[in-house]
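The values are calculated or read from the model by the stated rules, or taken from the named source; none is laboratory data. Nothing here was measured: the structure is a model prediction, and the numbers come from that model. Cβ: placed from backbone, ideal geometry, glycine included. Neighbour counts: every protein chain shown. For the accessible areas, the whole protein counts, side chains as well, though only heavy atoms, and no ligand, DNA or RNA atoms are used. Shrake-Rupley method; radii C 1.70, N 1.55, O 1.52, S 1.80 Å.
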Amino acid sequence: MIFSIIIPVYNRPDEIKELLDSMLLSTYNEPYEIVIVEDGSSISCKEVVDQYASKLNISYYFKSNSGPGDSRNYGMRKANGDYFIIFDSDCIIPNQYLSEVSKELKRKYVDCFGGPDQALKSFSNIQKAINFTMTSFLTTGGVRGGSEKIDKFQPRSFNMGISKKAFEASNGFGNIHPGEDPDLSIRLWKMGFDTRLFTNCYVYHKRRIDWDKFTVQVSKFGKARPILNHWYPEYQKITYWFPTLFMLGLMASFLSLILLFDWNYNDWPLKFYFGYFILIFLVSSIQNLNPIIGLFSVVAVWKQFKGYGFGFLESFFKINILRRKPEVAFPYLFFKKPTTLIDEETVKEQPISKPIQVNNQTPPLVPEAPVKVATKPHKTLIIGLTGGIGSGKTTLANYIASKGIPVYISDLEAKKVMDFPEIIAQIKQTFNEEIINNGKLDREKLASIVFNQPDKLKQLNAIVHPAVKAHFVNWVKDNQNAPMVFKEAAILFESGSYKDCDAIVSVVAPIELRIQRVLQRDTTNKEKVLQRIHNQISDDERIARSKYVVENLDLESAKKQIDKIILLINQN
């Protein structure tokens, strides 16, 4: 297994130097590479990176600014390894880190892991106080601090690993920030991949923030969570409400005291809050051997609960009560790729004394290239078309195709891909001889295996999804002269394929109508159809994440709606 370390950076050359200095002390003896992605910085770290070219197997890329998630995706696409490890630029890496990761993966392999963070003695008192608040079991940060107390762990992207298979199947991080890491975790779970906490694989996370920046950061964390709950309601937890309830309870206690004008009333709620903050002070002071850090920790906890709690409440109200689309309610939480991109390969990949080996070949030396500004070539728009079972999306896809617009029907194309000799060979190797009949895939037998065994389904997805993705890319190239193409897929959001689309059209219909359509089409029963509907994301979630919506009550009305949408897309 070859590790590729992915580090996005924005205007932080000093941090990159500290991180790379720590990597020089690594005790890991196997080959690995480091990929630095400069996210449109005005203060470049290239000169710093060049200083390590002869000491580390390191490559550097400059791209236009599109946010940390997209930069991580870009780095993973450029990387040569088969397992990606992601750090924030403000991390310092312990020398045993990679060895511990390797040990954990050999002990119990997982396609995605996360690790906790700690504070170095050299950190400032405010940094240590914020670190305490973000990691302590007394706050909402217990999991980040290393105690896994939930069924499914959601890795944080400052210290995270993901296999190449899982990245290619999921398309990596989405465009929400913060919140891109839990979003990715949930999508991976839905695709059958597992995540796990590696408690011994910690990093020292500097958190380059002061009090004001910390307040803004935790407020964004709070605003992102109801959006994720809206997208993935089956994964929401009551504990996400804790900071909001904490603050509302504190406000109610003070309000009661003021309105009653009775200083002798039963003030146990205020005593509880006072005792809680005293506990924070004592535990932090003892843990950090410094009462000043203890006092700062009280301030940090207050700011965390206030920022996160009211941010969560504001987001919940706008998303769930006012029914606003997340991108409209909080546009600053979503990065958009720029339309004019800087050519991305602007730097050399330097070999080192122990070059990384991929397929028994050393990567070639890539000469330094000048920065080029792209012109505005013709771009074929990719329009996603999705909907639940019985919504009629495939019927509408065929109608769109009849108008001369290229349409990629994902299920049909996936079946073609599964008949490719190289894919059959991989499936045969992963499963057994019995699923191949006269050189062809026995789909019924394969289906009976994977739908009863989640691990087998995960293995099949890891083979098929990357191949279908590559097939779609080639299909788009074949249709590059078309003004637009449509990609029809039932799991457009779950698979992460929506990120390849310029706009999404969701087809919705009442559940009873959907059931009736499926019963007329398939040999099945109402219970099984309902089960399939409940296994898919809801129409509300599709609507919230789509630019256009077609309400398919009858075919003629739906066709007219599609015609209007195509006209709008052409006008834009």
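What to note about this one:
- Residue list for segment 77-122, filter: farther than 22 Å from residue 154 by Cβ and in contact with a Pro (Cβ under 8 Å, 6 or more places away or on another chain): 80
A quick yes/no check of all residues on (1) touching a Leu at 6+ places or on another chain (Cβ under 7 Å); (2) closer than 30 Å to residue 334 by Cα; (3) among the aliphatic types (A, V, I, L, M):
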{"residue": "484", "(1), (2), (3)": "yes, yes, yes"}
{"residue": "493", "(1), (2), (3)": "no, yes, no"}
{"residue": "533", "(1), (2), (3)": "no, yes, yes"}
{"residue": "541", "(1), (2), (3)": "no, yes, no"}
{"residue": "556", "(1), (2), (3)": "no, no, no"}
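- Residue selected from segment 84-111 under the condition acidic (Asp, Glu) and either more than 22 Å from residue 8 (Cα to Cα) or modelled with pLDDT of 95 or more (or both), by the criterion nearest to the chain's Cα centre (by Cα): 104
- Of everything in segment 429-444 that is in a helix (DSSP H, G or I) and open to solvent by 80 Å² or more (accessible area, probe 1.4 Å), the residue that is modelled with the lowest pLDDT is 433.
- Unique residue being over 30 Å from residue 232 (Cβ atoms) and among the charged types (D, E, K, R) when the list is 500, 455, 411, 442: 442
- Residue match in segment 226-242 (condition: in contact with a Leu (Cβ under 6 Å, 6 or more places away or on another chain) and modelled with pLDDT of 90 or more): no
- Residue match in segment 330-346 (condition: in a helix (DSSP H, G or I), modelled with pLDDT under 90, in contact with a strand residue (DSSP E or B) (Cβ under 8 Å, 6 or more places away or on another chain) and surrounded by fewer than 19 Cβ atoms within 10 Å (Cβ to Cβ)): no
- Boolean, residue 131 is in a loop (DSSP other than H, G, I, E, B), among the polar types (S, T, N, Q) and open to solvent by 10 Å² or more (accessible area, probe 1.4 Å): no
- Residues in segment 245-267 that are open to solvent by 50 Å² or more (accessible area, probe 1.4 Å) and in a loop (DSSP other than H, G, I, E, B) were compared, and the one that is modelled with the highest pLDDT is 266.
- Pair list, Cβ < 6 Å and 6+ apart or interchain, from segment 556-569 residues that are without any contact (Cβ under 8 Å) to a residue 24 or more places away in the chain to residues that are among the β-branched types (Val, Ile, Thr): 561/550
- Single condition residue 193 does not satisfy, out of (1) outside any helix (DSSP H, G or I); (2) surrounded by 21 or more Cβ atoms within 10 Å (Cβ to Cβ); (3) out of contact with any Cys (no Cβ under 7 Å at 6 or more places or on another chain): (3)
- Within segment 136-160, considering residues that are under 18 Å from residue 190 (Cα atoms) and open to solvent by less than 10 Å² (accessible area, probe 1.4 Å), the one modelled with the highest pLDDT: 155
- Selection count, segment 161-173, where residues are open to solvent by 10 Å² or more (accessible area, probe 1.4 Å) and either touching a Lys or Arg at 6+ places or on another chain (Cβ under 7 Å) or assigned to a loop (DSSP other than H, G, I, E, B) (or both): 2
- The number of residues in segment 1-15 being part of a strand (DSSP E or B) and either touching a Lys or Arg at 6+ places or on another chain (Cβ under 7 Å) or of a type in the set (A, V, I, L, M, F, W, C) (or both) comes to 6.
- With respect to (1) in contact with a strand residue (DSSP E or B) (Cβ under 8 Å, 6 or more places away or on another chain); (2) under 22 Å from residue 166 (Cβ atoms); (3) aliphatic (A, V, I, L, M); (4) at pLDDT below 75, the lone exception for residue 450 is condition (1).
- Test: residue in segment 406-426 that is touching a Lys or Arg at 6+ places or on another chain (Cβ under 8 Å), in a strand (DSSP E or B) and open to solvent by less than 20 Å² (accessible area, probe 1.4 Å): yes
- Among strands (runs of 3 or more DSSP E) entirely within segment 16-120, having at least 2 residues that are touching a strand residue (DSSP E or B) at 6+ places or on another chain (Cβ under 7 Å), open to solvent by less than 60 Å² (accessible area, probe 1.4 Å) and under 18 Å from residue 203 (Cβ atoms) singles out 32-39, 83-87, 112-114.
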